[in-house]
Amino acid sequence: WLVTVWSIWLAWNEVVFSKKIMDFEDVVDLIKLRSWNWLKAKDLAFQYLFALWSNNLFFCLNLS
């Protein structure tokens, strides 16, 4: 959940301070990308490609 809160915070800052327009899909994509990056950095055994992981999150996290 931390990556979700962090991504929403950063998106909100972009809207408020940089006058950018962020839509829901952009924020969700950023959440997925940051989650994948954080998992790869934290766990060396996490070797999934982003395309595979982002389309099948629960399988790659062994939650299926």
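Just so you know, all these numbers are worked out from the coordinates, no wet-lab data involved. Owing to the predicted nature of the structure, the values given are computational and were not obtained by experimental measurement. Please note: Cβ atoms are built from the backbone with ideal geometry, for glycine as well, and neighbour counts cover all protein chains shown.
Is region 21-32 home to any residue that is assigned to a loop (DSSP other than H, G, I, E, B) and farther than 18 Å from residue 54 by Cβ? Yes, region 21-32 has at least one match. Residue under question is residue 21, and the condition is that it be out of contact with any strand residue (DSSP E or B) (no Cβ under 7 Å at 6 or more places or on another chain), among the β-branched types (Val, Ile, Thr) and surrounded by 14 or more Cβ atoms within 10 Å (Cβ to Cβ); does it hold? Against the criterion (out of contact with any strand residue (DSSP E or B) (no Cβ under 7 Å at 6 or more places or on another chain), among the β-branched types (Val, Ile, Thr) and surrounded by 14 or more Cβ atoms within 10 Å (Cβ to Cβ)), residue 21 does not qualify.
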